[in-house]
Amino acid sequence: MLAELVNAGKLPPLSERLPQDPKITNEMPSTQLTYVNGKFGGTLRHSCVTGREADVFVMANEPLVNTPGLLGEEITGNVFKGYDVSDDQKTSPSTCARG
C-alpha cells in the first residue's frame, strides 16, 4: 500500500519520512523484547466518555524519559535523547532527539 503511494509520487520514500533519531521501543527491558515487522494501518476503537480515561491519557502522553520494566531500574531517553543531573541535583541539562 505505501510502496504504491511512493511509486506514484504521493508519498516521500521511507528514508525521508523517518526522524533523524528514530525512537526505539524500550518500555520493557531488551531481554524481554522480540522485534517483528508489523502491519501498517487498522482501526483503534476505544470508549471515551469524559475524555479523561486512563488508556486515552496514556496513548496521548509522551514521556521525556522512560524507565523500562516494572521496577524502573534504568532510565532511558525518549523525547530526550540524553540528559544529565548536576552534582547539586538542582539542574538537569538535556538534549532532545532530532526529528
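The values are calculated or read from the model by the stated rules, or taken from the named source; none is laboratory data. Owing to the predicted nature of the structure, the values given are computational and were not obtained by experimental measurement. So basically every Cβ, Gly included, is an ideal-geometry build from the backbone, and we count neighbours across all protein chains shown.
At-a-glance table
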{"quantity": "Conditions (1) hydroxyl-bearing (S, T, Y); (2) modelled with pLDDT under 70; (3) more than 30 Å from M1 (Cα to Cα); number of the one not met by S86", "calculated": "(2)"}
{"quantity": "Selection count where residues are of a type in the set (A, V, I, L, M, F, W, C) and surrounded by fewer than 13 Cβ atoms within 10 Å (Cβ to Cβ), scope region 76-95", "calculated": "1"}
{"quantity": "Lone qualifier among L64, L11 - being surrounded by 10 or more Cβ atoms within 10 Å (Cβ to Cβ), modelled with pLDDT of 80 or more and touching a helix residue (DSSP H, G or I) at 6+ places or on another chain (Cβ under 7 Å)", "calculated": "L11"}
{"quantity": "Index of the failed condition, M28 passing every other in (1) surrounded by 10 or more Cβ atoms within 10 Å (Cβ to Cβ); (2) touching a Gly at 6+ places or on another chain (Cβ under 8 Å); (3) at pLDDT 70 or above", "calculated": "(3)"}
{"quantity": "Any hit, region 40-50, residues being modelled with pLDDT of 75 or more and more than 18 Å from the chain's Cα centre (by Cα)", "calculated": "yes"}
